[in-house]
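Worksheet for the structure shown next.
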Amino acid sequence: MVSRGRQERALVEYLVEHYQQHPQDLDVLQRLHPRALVEVLQMRNLTPEQIGLDYPALLDLIGKERALDLIGKERTLNLIGDEQALDFFGKEKVRQWLQRQDQADAQGPAAAPAPSPPPPPEKANGVDPG
């Protein structure tokens, strides 16, 4: 049941559509194809619970930051509210996340910036190796 591209999407769509006939395959589906599963569920306005999936397990698989990216910054803030987001995440983390989103939006989908490498351990500790 491993597939990529159009076949992956078709497989996920079929299993979501026929989840009652294939309940044993949902666990495998959420482990092998979490991104496609989330996209299909969003497209069909379904929640994982509606098809019998364990939502926290799915969230752990795709990661919270990726889940927020899939939801989108505006919708995330609308769902939880500005004040609750600030209280929960911390003002600085929210600002950093919003800045990353704004930069990514400004650059377009094809121009994702490469992550900068971490500083060498010696520099990070304030010790100059040279």
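Only one of 96, 24 is under 18 Å from residue 8 (Cα atoms), polar (S, T, N, Q) and part of a helix (DSSP H, G or I). Can you tell me which?
24
For segment 18-30, does any single residue satisfy the condition of being open to solvent by 50 Å² or more (accessible area, probe 1.4 Å), in contact with a Pro (Cβ under 9 Å, 6 or more places away or on another chain) and free of Cβ contacts under 8 Å to residues at least 60 places away in the same chain?
Checking segment 18-30: not a single residue is open to solvent by 50 Å² or more (accessible area, probe 1.4 Å), in contact with a Pro (Cβ under 9 Å, 6 or more places away or on another chain) and free of Cβ contacts under 8 Å to residues at least 60 places away in the same chain.
Which members of segment 29-44 meet the condition of being over 12 Å from the mean Cα position of the chain (by Cα) and at pLDDT below 85?
29, 30, 31, 32, 33
Answer yes if at least one residue in segment 118-129 is under 29 Å from residue 8 (Cα atoms) and either at pLDDT 80 or above or not charged (D, E, K, R) (or both), and no otherwise.
From segment 118-129, those under 29 Å from residue 8 (Cα atoms) are none; that's our starting set.
The answer is no; no qualifying residue exists.
If you go through segment 51-68 one residue at a time, do you hit one that is part of a helix (DSSP H, G or I), under 27 Å from residue 103 (Cβ atoms), open to solvent by less than 60 Å² (accessible area, probe 1.4 Å) and of a type in the set (Gly, Ala, Ser)?
The answer is yes, given that some residue of segment 51-68 is part of a helix (DSSP H, G or I), under 27 Å from residue 103 (Cβ atoms), open to solvent by less than 60 Å² (accessible area, probe 1.4 Å) and of a type in the set (Gly, Ala, Ser).
Pairs, please: C-beta under 7 Å, at least 6 apart or cross-chain, first residue touching a residue at least 12 places away in the same chain (Cβ under 8 Å) and in segment 49-65, second of a type outside the set (Gly, Ala, Ser) and assigned to a loop (DSSP other than H, G, I, E, B)?
Within 7 Å, the pairs are 51/19; 52/19.
The values are calculated or read from the model by the stated rules, or taken from the named source; none is laboratory data. Predicted, not measured: the structure shown is a model, and the values here were computed from it. No Cβ is skipped: glycine too gets one built from the backbone with ideal geometry, and neighbour counts run over all protein chains shown. Side chains included, ligands, DNA and RNA excluded: accessible areas come from the protein's heavy atoms. Shrake-Rupley method; radii C 1.70, N 1.55, O 1.52, S 1.80 Å.
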